[in-house]
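Taking it in order: structure first as C-alpha cells, then the write-up.
The values are calculated or read from the model by the stated rules, or taken from the named source; none is laboratory data. Predicted, not measured: the structure shown is a model, and the values here were computed from it. Neighbour counts are summed over all protein chains in view; Cβ atoms, including those assigned to glycine, are modelled from backbone coordinates with ideal geometry.
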Amino acid sequence: MCLISEYLAEESQYPLFIQGNSLDILKKISDNSVDCCITSPPYWQKRQYENGGIGLESTSNEYIDNLYKVIEEVRRVLKPSGAFWLNIGDSYHNKSLQGIPWRVALRMIDNGWILRNDVVWNKHKGGFTPNSDRFGSVFEDFFFFVKCDKYYFDADSIRSKPRQAFVKNGAVISATGVSGIRYKRQIELSTSLSDVEKTNALTQLNLTLERINRGEISDFRMVIRNEQRTTHSDSVKLSGRARELKEKGFYFLFYNPKGTMPNNVWEILPEDTQHRKTHFAPYPEELCIIPIKSTCPKNGIVLDPFSGTGTTMKVAYELGRKSVGIDLSDEYIKLARQRICQKSKNFLPFP
Ligand SMILES: C[S@@+](CC[C@H](N)C(=O)[O-])C[C@H]1O[C@@H](n2cnc3c(N)ncnc32)[C@H](O)[C@@H]1O
C-alpha cells in the first residue's frame, strides 16, 4: 500500500502531515512518487528534539550513517525527474569542524546522486560566532541533487525580471548601459586584429545593436582579443571561447531576454532575525521558493521528511503544490498545521 496514494488522488492542495520516524514512514511510500524533496535534517549534536530522533548519535560517522539511510529512501521515492534539496549545517567536535555537509554530499555522489549545485545560503548572522582563535561562520550549504541527468527544471520561473534597453541622446543603450561606442573604439584602435577581423567585428557589433533596437535582446558583452580580460582558459583545446578569440578575434555574450538566473549564493536572513510577528523555524520561507518553483511542476508534490514547523509545506501550499511533511514530533506537526491556517489535512497517526 502506498501511504500517500489516496492523498495524491485528491484535488486538494492542503499538505499532508504524517507523524513518525521518517525512515519508517518513507518505507511505506511507493517508488518514484514525489517530484521534489526539500529538507533540513537535525544537525549533529545541536539540539535535543522531542522523541529523540536523528542528531543525537555519539559520533559524526554514526550520524551520517543514520541520515544516509533516510537519504536512500528519499532517492527511492523520488521520480527519475526529481530533485533533492538538502540544507545541512556543520558541527564542531574536539575543536575541529567536522565537515559533515560535504561528507554527506561526497557519499551521495559516490553512490550515484548527481550534485548540480552547492548553493551557499549566506545568512549574514547567526551560525558559529567568532572566537578569539577562529572566525565566525555565517553560511550554510544547500545542496541541489538530482537522481538522473535529465530532470525537471523550470528556469524561466526563477529568472530575475529582465532590465530593458533604452534610448539616450538618440543612441540605443543596452540594459546595463552598453552603447557599443567603447567597443567600436577598441576595434578601430586594436593592434591585435587584422583589417578583415576589424571589419567583421564592426559588422557584428552593428547587427547586435540593431537586435537591441528591435527588442530581441536586452543586453550583451563583447570580448575582443587582447582588450577584455577573460576568465576562461587560454587553451584553444580546452575552451571554445579561446578558439573563437584566436580564429575570429572576438565573440559576444548575449543575455537571456527573459532575465538572468540566480547564482549560487543566496542572501537570506535567518527566520528569527527577520522581525516577523511569529517566529517558527530555523529555515526561512524564502529558502524554499526557488527550489519549489524550479524543480516541482505545478501539479507536482513536494516532500519534507524532517518537516518541523512546516516551512516547506507552507511555501508549497502558497505556490500551489501538494506536499507531504513527516516529523517525529506531534507538537511540531500541530504548529505546522496552525501555521497553514488549520487547512491542512488531519495528521495521520501512523499505524
Ligand atoms: C531542523 S528541524 C527542521 C525544521 C524545518 N525545516 C522547519 O522549517 O521548521 C529538524 C526536524 O527533524 C525532526 N526529526 C528528527 N529526527 C527525526 C526522525 N527520525 N524522523 C522524523 N523527524 C525527525 C525534528 O523533530 C525536527 O522537527
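Just a few scattered comments:
- Residue check, GLN45 within 14 Å of the ligand (Cβ to nearest atom) and in the same structural domain as PRO291 (by TED's automatic domain parsing): yes
- Those residues of the range 136-156 which are of a type in the set (A, V, I, L, M, F, W, C) and part of a strand (DSSP E or B), in sequence order: PHE139, PHE142, PHE143, PHE144, PHE145, VAL146
- Looking across the range 88-102, the residues that are crowded, with 16+ Cβ neighbours inside 10 Å and not in a loop (DSSP other than H, G, I, E, B) come down to ILE88, ILE100, PRO101.
- Per the listing ARG229, ARG221, the residue uniquely of a type in the set (Lys, Arg), over 30 Å from ILE289 (Cβ atoms) and outside the structural domain of ASN122 (by TED's automatic domain parsing) is ARG229.
- Residue selected from the range 286-302 under the condition in contact with a helix residue (DSSP H, G or I) (Cβ under 7 Å, 6 or more places away or on another chain) and away from the ligand (no atom under 12 Å from the Cβ), by the criterion nearest to ALA9 (Cα to Cα): ILE301
- Taking first residues from the range 315-339 that are within 8 Å of the ligand (Cβ to nearest atom) and partners that are in a helix (DSSP H, G or I), the Cβ contacts under 6 Å between residues at least 6 apart in sequence or on separate chains come to ILE326/SER22; ILE326/ILE25; ASP327/ILE333.
- Unmet requirement for LEU67, which otherwise passes all of (1) within 14 Å of the ligand (Cβ to nearest atom); (2) assigned to a loop (DSSP other than H, G, I, E, B): (2)
- Residue pairs whose Cβ atoms lie under 8 Å apart, sitting 6 or more positions apart in sequence or on different chains, and linking a residue in the range 4-22 that is within 16 Å of THR39 (Cα to Cα) to a partner that is part of a helix (DSSP H, G or I) and more than 16 Å from the ligand (Cβ to nearest atom), are LEU16/TYR7.
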